[in-house]
1. Need the list of aspartates and glutamates near K440 for cross-linking: C-alpha distance under 18 angstrom, and skip anything on the same chain fewer than eight residues off.
2. To make sure I understand the rule: partners must be lysines, Cα under 30 Å from the Cα of K355, and not fewer than 8 residues away in the same chain. Which ones qualify?
3. Would you calculate, for the chain, the mean residue ellipticity at 222 nm contributed by helices, counting each DSSP H stretch of 4 or more residues as -39,500 (n - 2.57) and dividing by all residues, to the nearest 500?
4. Straight-line reach from K187: which aspartates and glutamates have a Cα under 13 Å away, not including same-chain ones fewer than 8 places off?
5. Taking the Cα centroid of the stretch 92-128 and of the stretch 182-206, what is the distance between the two, rounded to the nearest whole Å?
6. For D93, what is the net charge nearby, where nearby means another residue's Cβ is under 15 Å from its Cβ and Lys, Arg count +1, Asp, Glu -1?
7. Which net charge results for the neighbourhood of I249, defined as the other residues with beta-carbon distances under 14 angstrom from its beta-carbon, given Lys and Arg at +1 and Asp and Glu at -1?
8. Full extension from L19 to I406: what is 0.36 nm times the residue separation minus their Cα-Cα distance, to one decimal in nm?
Amino acid sequence: MDEGGTPLLPDSLVYQIFLSLGPADVLAAGLVCRQWQAVSRDEFLWREQFYRYYQVARDVPRHPVATSWYEEFRRLYDMVPCVEVQTLREHTDQVLHLSFSHSGYQFASCSKDCTVKIWNNDLTISLLHSADMRPYNWSYTQFSQFNQDDSLLLASGVFLGPHNSSSGEIAVISLDTFALLSRVRNKPYDVFGCWLTETSLISGNLHRIGDITSCSVLWLNNAFQDVESENVNVVKRLFKIQNLNASTIRTVMVADCSRFDSPDLLLDAGIKQILPHQMTTAGPVLGEGRGSDAFFDALDHVIDVHGHIIGMGLSPDNRYLYVNSRAWPSGSVVADPMQPPPIAEEIDLLVFDLKTMREVKRALRAHRAYTPNDECFFIFLDVSRDFVASGAEDRHGYIWDRHYNICLAKLRHEDVVNSVAFSPQEQELLLTASDDATIKAWRSPRTVRILQAPRLRPRPFSWFASQRR
């Protein structure tokens, strides 16, 4: 400006100069004078910065709830949990799975060290309880889930029977006393099991019919049982589903779609609706009154991903299903179910709308897996309000934005990342679990600044202080 305060350059020229700068330089230049500050917050300027910096396709609109392009740029840069703040080393072997309580105050971890650990989630995470499952002939623990009111924890693991035979088992643990309340046999061991209501859970058993045909029976179980009893559970047969072409059910999830339909049971991309009268253990047990052994329940919908499903997760509103899939080559035909085509190293993260039962958006890519068909294992993913995250075999966890379908962060471990979990109450906190026997906690740059210097007044571009790209 001249001595009279008149700008020496017109706004249009300053705007053109700012277009050639990066976002951090634009914010720094905005501190020079009032004119430059006004131009540095121009909406069209930050629209260009956004599309250029994040390489978003120009036909993708701004997030519908965003208030400005500047704030949307800041959200993706400053509010993604990508700063490592704590490494938990209490496990002594590979950590396979993480799950948060619905309140977000606690989380659980499962590991090859055969323990289920329950943690307090505070500013500094601390171990609350460790349940050793080796006295129950478990080989390791591999999955956990809190019930709806966070009073019980379901834990699935591998049970070693006589003559080194193995199957799965589900344990129910009280979160008030940490007592073991129930044990339910599960076969195969990677069906995992899941909660249906606050006090009932779903288990599964596989029965061979022929060389490449089997059937999976899903049972509804009461969570409160006598763990010392030989007849360890009162069960009600929920569904009996035929598996063709050497396929099997590997995991079960329940999506509460009550806002637009009845609850759905998700069976590795087969979907079965659960009717209200089926959601209680009262009534016939062990399949009584269901007809002959030849009776099978038909699936209501099947999603064919043309490959191996290695992980599934639900959006917080249960509307969208996210699926980790390793595809077969395009156009390949599975002539022999026992010899499927080689699966891709790239993992496709597919998105399905459970209301329309259609795939939406394009697949998210960045993460990779290297194990072959007969050895591939689950890579657990998680979904928050704005983000989706997944582990990978390439020693990293990944975070994408759900609206723009772009990868925002790559989180390093020393080995395979098996599981990720967002805090359900604070999506700027993410946990990752790895074969390197650690759990890492990641917070957003914004949260880290607030926790480290709560009384300091932030500078206008302080959210650029820690470059992470």
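The values are calculated or read from the model by the stated rules, or taken from the named source; none is laboratory data. Fair warning: this is a prediction, and the values are worked out from it, not measured in the lab. All Cβ positions, glycine included, derive from the backbone under ideal geometry; neighbour counts span all protein chains shown. SASA here: full protein model, heavy atoms, side chains in, ligands and nucleic acids out. Shrake-Rupley method; radii C 1.70, N 1.55, O 1.52, S 1.80 Å.
1. Once the sequence-local aspartates and glutamates are set aside, what remains near K440 is E84, E90, D93, D113, D122, D382, E393, D394, E414, D415, E426, E428.
2. Hits, sequence-local ones excluded: K236, K240, K272.
3. Working: 6 runs with 53 residues, N = 469.
One gets -3000 deg cm²/dmol as the mean residue ellipticity at 222 nm.
4. E169
5. 20
6. Values: positive: R89, K112, K117, R134; negative: E90, D113, D132, E414, D415, D435, D436.
Summing Lys/Arg as +1 and Asp/Glu as -1 gives -3.
7. On the way: positive: K187, R208, K240, R250, K272; negative: D190, D268, D297.
Taking every other residue near I249 into account, the sum is +2.
8. Details: separation 387, 0.36 × 387 = 139.32 nm, distance 2.26 nm.
Here the segment from L19 to I406 would lengthen by 137.1 nm.
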